[in-house]
1. Return the loop-located GluC sites (Glu not before Pro) in segment 261-356 (DSSP other than H, G, I, E, B) with at most 12 other Cβ atoms within 10 Å of their own Cβ; answer none if there are none.
2. Counting only protein heavy atoms and a 1.4 Å probe, tell me what percentage of segment 205-308's accessible area is made up of carbon and sulfur.
3. Lys and Arg at +1, Asp and Glu at -1: add these up for the other residues within a Cβ distance under 12 Å of Leu292 and post the number.
4. Quote to one decimal, in nm, the extra length available between Asn294 and Ile167 on full extension: 0.36 nm per residue of separation minus the C-alpha distance between them.
5. So which of Lys100/Lys195; Lys279/Lys350; Lys123/Lys252; Lys188/Lys255; Lys110/Lys137; Lys78/Lys188 end up more than 24 Å apart, counting from Cα to Cα?
6. With the other protein chains left in place, how much accessible area per residue, in square angstrom, belongs to segment 73-115 at a 1.4 angstrom probe?
7. Starting from 0.36 nm per residue, how many nanometres of slack lie between Asn179 and Lys100 once their C-alpha separation is accounted for?
8. Please give me the summed charge of the neighbours of Val161: other residues whose Cβ is under 13 Å from its Cβ, Lys and Arg +1, Asp and Glu -1.
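The values are calculated or read from the model by the stated rules, or taken from the named source; none is laboratory data. Please read these numbers as outputs of a predicted model, since none were measured by experiment. Because the Cβ atoms are built from the backbone with ideal geometry, glycine has one as well, and the counts that use them run over all protein chains shown. Calculation scope for accessible area: heavy atoms of the full protein, side chains included, ligands and nucleic acids excluded. Shrake-Rupley method; radii C 1.70, N 1.55, O 1.52, S 1.80 Å.
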Amino acid sequence: FARHFHGLLTKQKIVLSQLCTYVAGSTMGKMTLGNAKFTSVFAVTLLTLLAFVPSSIAFGVDAPMKVIVTGAAGRTGKLVFSSLNKDNRFQAVGLVRTEKSAKKLVKTTKCGLDHVVVSDVTKLLSDEDEEVSSIPKGLDGAEAIVICTSAVPAISKTSVVKAMLKIPLNLVRGKKAFNFRDLKFVYKPGQYPEKVDYEGQKAQIDLAKNLGMRQIVIVSSMGGTDPSNFLNSIGKDKDGNGNGDILLWKRKAEKYLIEETGLEYTIIHPGGLRKPADKPEELILDVDDKLLKNEKRSISREDVAQLCMAALTVGRGKKVSFDCIAREVDEGKAVKSAEEALTEFLETGKTADYSL
């Protein structure tokens, strides 16, 4: 209460000063004991009322929407955070896992320290936890959260050594010296899909509920309808054992959001993530992995970041889940913005079918 009261007083002190001066001035020249008491009571009453009036009403302008971006140190999350941070419509707060990531984010985005919070999403409290003391400070007052966290595999050093040892034999056999398919990918301990993409994402959704947020945006991935997708094999051995199934765990977290929370949401399933293309591209949106049939099914991280911002504006109040890729267009052809592309898609009424 004290922080809320003090913050609003700070924003509205000029208005208070001017109004109180006006009231005091209007009684000058005919000041009596009754007038003095009235002026004092009026000032105190005005002070109290304005403390509870949103600044957007007091000043006649829209206050920026406070948005939490988790995974803000990642390649996509950093672009989302940076884009929001540059837009006066938003007040972005980045959630990162380590102090090192926080310092790097501050340096690269030129944001203030008060715009970054350090917390491990795999250790956030879920709805089943009774205590709320571990909710990171600095997140209160947020209206929306953009979830950009994901388990990220690393190349197994052992597989690299084995692949290099095969080089002489491959040369003798007339094969490629280094076969990249021999490389194996593994997840770091505690950073595998079930822990990050399901438990961690579920905890973030519960955090949004506990903080009274209205809207959740999730950056996920295409391929969730296909258990045999190659990405699900990462982290598993030849027998299929291990900590894999990243797309299945992501989809399970999405179903939790849709079926258990009642919150507004926009779930974005991008194709392969890459750098921006040299030529102009248009956004293609669809559902249920239909875009995987395209020969080219990738999209730049910058476009995904713009779709996240569009979700916070034209997607507000909606409950929608969709896939997205980008396709090159001829020079000179008009390209729709992310907001225009999302608006057009929303008019179709489509959304992903989670019974598949």
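1. Sites meeting the loop and neighbour criteria: Glu295, Glu331, Glu347.
2. 45
3. Taking every Cβ under 12 Å from that of Leu292, the sum is -2.
4. The Asn294-Ile167 span can extend by a further 42.2 nm.
5. Values: Lys100/Lys195 22 Å; Lys279/Lys350 29 Å; Lys123/Lys252 19 Å; Lys188/Lys255 26 Å; Lys110/Lys137 21 Å; Lys78/Lys188 21 Å.
Checking Cα-Cα distances, Lys279/Lys350; Lys188/Lys255 exceed 24 Å.
6. That works out to 60 Å² per residue.
7. Gain on stretching Asn179 to Lys100: 25.0 nm.
8. With Lys, Arg at +1 and Asp, Glu at -1, the net is +3.
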